[in-house]
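This structure is in structure tokens; I'll ask about it shortly.
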């Protein structure tokens, strides 16, 4: 929670100020989750409202937003709609003249004009899908063998392997002809910008106006084979004039994007620490609505974090149950005293046998309630947009050693020890090509197959790294993984 002085300096999308001028992220998170649950789960809404320690207690209530939606597709969509409505009603837009509601971003004029600089890559486009993995480039049979190995070890869902194989069989898809992919968070490690440009696609890049960041993005464009579109203000060098702050400049970015050529795809790859993550995610959602009004052909793209709560198919449950039954004699002997001394919190089995669907709860307390709320917003928007008929690409990405993860010592240690519990942690270079391939698949197949229930859409083609199929409930193994990985993480 920030100080009143810092609150007064905030501009753009902000949390509402309370009676003492403080902007409580906990109060908003608690209220939004309660509002989301209220149409289908009034007791759950009341429990969220009465949670006195949101920072420690949010985990159960976020899980409930998934569980409460399982009885019917309509229940899941009601939760998503109510949650989005609550966020839009509660967050504010702060400017020099005071604060207004978020709806103003739908029609507000741009504060400055952004023009387009176009950069064409110097390389020949890659005409075959290849995946960087442990120092090699996997293509053809080697790629197919790796996908099969991941499926066999429970690292990705079979539908993920099938989708990637389809893209490999259709290399002409990679360049995404007649499409402009907008990459919000162009400098993000998990974003698809480098892969898309290598494949010859047209990409519109949006990120903060930071010269060092844009030097990297522009160099990626030069080394690529595609067309990079960059928003700039003025006539200076693009490294110095490129970029926009989504939190404060939704109208300017919307007006720039609405005039770009090709069928638009709005890809959300933004990330920020703490409360800013929610602010920028809400700003992106406001941008989404404004751009969709101007461009009815808009498609949406997201990456779902694996450290969240998902309903998972019966096949994943059965895999986990079998792995739990087949654990080694040593693991069984060590597991009993560990469960005893931890009052059952350590090394819990992943699912009850026969659960259909199962609930995989991989929320990580260290990431905090603001991170969970920001990712929840994206999943809610994907659900609502799909129901309205839009093409949506939202796939679960694998746990990945990004800078934002490894700077958290506890998470870095847990990732270093995760392999001991059936979880593979990916390098960024592997993750972003894998997820870019899934994006290409979705854009050429209308978002992939449509399912009866939103949870099935979310589970399709998931590359969860093994979190869904591990023998153990992920959070019950997290502490031990961190202890076992502590030395490797320090190294």
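Which whole-number percentage describes the relative contact order of the chain, with Cα contacts under 8 Å and a sequence gap of 6 or more?
Numbers: 994 pairs, mean separation 91.3, N = 491.
Here the relative contact order equals 19 percent.
Which whole-number percent gives the relative contact order of segment 78-234, counting Cα pairs below 8 Å spaced six or more residues apart?
Once divided by the residue count of segment 78-234, the mean separation gives 29 percent.
Report the percentage of all Cα-Cα pairs in segment 4-102 whose separation exceeds 16 Å, rounded to a whole percent.
Details: 2825 of 4851 pairs.
The proportion of pairs with Cα distances above 16 Å equals 58 percent.
Now, a different point. Grab the DSSP H runs of the chain that are 4 residues or longer, score each as -39,500 (n - 2.57), total them, divide by all residues and round the 222 nm result to the nearest 500 deg cm²/dmol.
The helix contribution divided over the chain gives -14500 deg cm²/dmol.
Sorted from largest down, give the three principal axis spans of the alpha carbons of the chain, whole angstrom values.
Each principal axis gives a Cα extent; for the chain these are 69, 60, 46 Å.
Next question, about the same structure. Just want to confirm a number: the relative contact order over segment 150-298, from Cα pairs under 8 angstrom separated by 6+ residues, in percent.
23
Rounded to the nearest Å, what's the spacing between the alpha carbon centres of segment 446-473 and segment 210-262? Just the number, please.
Answer, in whole Å: 33.
Whole Å is fine, so just give me how far the alpha carbon centre of segment 109-136 lies from that of segment 153-205.
11
Let me ask you something else. Kindly rank 374-384, 176-186 from highest to lowest mean number of other beta carbons found within 10 Å of each residue.
Ranked from most to least packed, the peptides come out as 374-384, 176-186.
At a 10 angstrom cut-off on C-beta neighbours, averaged per residue, how do the peptides 413-420, 265-272, 39-46 rank from highest to lowest?
265-272, 413-420, 39-46
Which value, in Å³ per residue, describes the convex hull spanned by the Cα atoms of segment 369-491?
113
Ranked highest first by average number of other Cβ atoms within 10 Å, how do 126-138, 209-221 line up?
209-221, 126-138
So if each residue of separation counts as 0.36 nm, and I subtract the Cα-Cα distance between residue 356 and residue 178, what length gain in nm does that give?
Full extension from residue 356 to residue 178 adds 60.0 nm.
Can you put 172, 315 in order of Cβ neighbours within 10 angstrom, beginning with the fewest?
Starting with the residue having the fewest Cβ neighbours, the order is 172, 315.
Report the Rg/Rh value for segment 165-301, based on alpha-carbon coordinates and the Kirkwood definition of Rh.
With Rh from the inverse mean 1/r over Cα pairs, Rg/Rh is 0.96.
Can you tell me the alpha carbon radius of gyration of segment 241-283 divided by the globular rule-of-thumb value 2.2 N^0.38 Å? List each step's numbers first, then the result.
Values: Rg = 11.7 Å, N = 43, 2.2 N^0.38 = 9.2 Å.
Here the Cα radius of gyration is 1.27 times the empirical estimate.
Read-outs: derived from the displayed coordinates by stated rules, not from any lab. Given the structure is predicted, the values throughout are model-derived calculations rather than measurements. Here Cβ is always computed from backbone atoms with ideal geometry, including for glycine, and neighbour counts include all displayed protein chains.
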